[in-house]
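Peer 1: One structure follows; several queries about it will come next.
The values are calculated or read from the model by the stated rules, or taken from the named source; none is laboratory data. Every value quoted in this text rests on a predicted model; they were computed, and no experiment measured them. Cβ coordinates were reconstructed from backbone atoms using ideal geometry, including for glycine residues, and neighbour counts include every protein chain displayed.
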């Protein structure tokens, strides 16, 4: 059985960043990285960008690390292998092929999986999810041979895929269960602004709709709604959220909720086991609650912090534990509109929402306050304010007497810092 001083499960940005940071801090300790995909690190961000799907940039641009990087840094890349069991007492990780790996320090950076669509017919050819490189390659191939497409879901995947499919020259319909796009994260004003941009770009949006089945033979031919409406399409991209595949960890005794629970140092309930990236549900020192933030920039920073704390736990000279303290953000654009989410944008009864700007000027934001502090914001065509808002959240600035300024779209937020 191979044993590693540091073993990482997950080959995405959190896991690879952790491996890189560990090697910088410990030149000799053995590092193993297990990835259920056979691929070295690639950009998941690029998977939802039109230039990639429309093949306007070389496919090779998707790669962020090649095999030579792992070899150069003496990191054992164990690709195409799935972890299926964890014995935390004996510090042994079991793989699906029967292999076992020992560890001294373990990082779980397993990410999340696309939520599977379970309507009748969802297993037909022409129905896609987007999470992995193989998913992306399948969609790139499919758009070359179809004329009509549909997306299901009212979030990032559906928005970005609808934009890409439209740019590819397809007729596109978007099916959502909600009353408006991105409900409830966006308010109705924001959601309708997004919808206006999408419909202006030639997309049909079907709201308050649930899918009864996917019609067709072996290949999808149409979506049939519960009210009997049929939407012809030869291709369907489903974006209905994500799930954390944590069942394989249950016998280890690790504490989980939606994700793998950690403290502010990304330590799990098991000794010498950390979690990072989309799978980690961590104690947020800024928001003072337990949250799970699934995006690239947050995963990268968590990988760095987890690595620091893993090496520090070995007693390495000059290293101390460091808490994860970071304001997460996500930006996207399409149909001529730019959208940004920063901090904690979840709706709730304890939250005060201040409107900033107006649809009339095609520039609008929601500033979210809990108590005296700003905790999050959604911004439409106001992405230039993301940095200032993140700093206000990061520094726990008291904005309780600044609501007038926050609601003034012309007020310079830098003056509040």
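Peer 1: So residue 309 passes all but one of these: (1) part of a helix (DSSP H, G or I); (2) closer than 30 Å to residue 362 by Cβ. Which condition number does it fail?
Peer 2: Among (1) part of a helix (DSSP H, G or I); (2) closer than 30 Å to residue 362 by Cβ, the lone unmet condition for residue 309 is (2).
Peer 1: Let me ask something else about it. Quick test of your reading of the structure: residue 388 fulfils all but one of (1) assigned to a strand (DSSP E or B); (2) touching a helix residue (DSSP H, G or I) at 6+ places or on another chain (Cβ under 6 Å); (3) more than 15 Å from residue 182 (Cβ to Cβ). Name the failing condition by number.
Peer 2: Going through the list (1) assigned to a strand (DSSP E or B); (2) touching a helix residue (DSSP H, G or I) at 6+ places or on another chain (Cβ under 6 Å); (3) more than 15 Å from residue 182 (Cβ to Cβ), residue 388 breaks only (1).
Peer 1: Sticking with this structure for a sec: Residues in region 85-102 that are closer than 21 Å to residue 271 by Cβ and touching a residue at least 60 places away in the same chain (Cβ under 8 Å): how many?
Peer 2: 10
Peer 1: Moving on. Looking at 389, 380, 368, which one is at pLDDT 95 or above, buried (at least 20 other Cβ atoms within 10 Å of the Cβ), farther than 24 Å from residue 284 by Cβ and within 28 Å of the chain's Cα centre (by Cα)?
Peer 2: Checking each option against the conditions leaves just 380.
Peer 1: Go through region 201-257 and tell me which strands (runs of 3 or more DSSP E), entirely inside it, have 3 or more residues that are over 27 Å from the mean Cα position of the chain (by Cα) and within 28 Å of residue 168 (Cβ to Cβ).
Peer 2: Hits in region 201-257: 211-216, 220-225, 230-232.
Peer 1: Does residue 301 qualify as being crowded, with 18+ Cβ neighbours inside 10 Å and more than 12 Å from the chain's Cα centre (by Cα)?
Peer 2: yes
Peer 1: Give me a count of the residues in region 47-73 that are over 21 Å from residue 161 (Cβ atoms) and in contact with a helix residue (DSSP H, G or I) (Cβ under 9 Å, 6 or more places away or on another chain).
Peer 2: So the answer is 5.
Peer 1: Mind listing whichever residues of region 151-177 are over 23 Å from residue 44 (Cα atoms) and part of a loop (DSSP other than H, G, I, E, B)?
Peer 2: If the condition is that a residue be over 23 Å from residue 44 (Cα atoms) and part of a loop (DSSP other than H, G, I, E, B), then 169, 170, 176, 177 are the ones that fit.
Peer 1: Please state which of the following conditions residue 76 fails to meet, knowing it meets all the rest: (1) surrounded by 19 or more Cβ atoms within 10 Å (Cβ to Cβ); (2) within 24 Å of residue 309 (Cβ to Cβ); (3) in contact with a strand residue (DSSP E or B) (Cβ under 8 Å, 6 or more places away or on another chain).
Peer 2: (1)
Peer 1: Can I ask one more? Among the candidates 99, 114, single out the residue that is under 27 Å from residue 292 (Cβ atoms) and surrounded by 13 or more Cβ atoms within 10 Å (Cβ to Cβ).
Peer 2: Within the list 99, 114, the selection yields 114.
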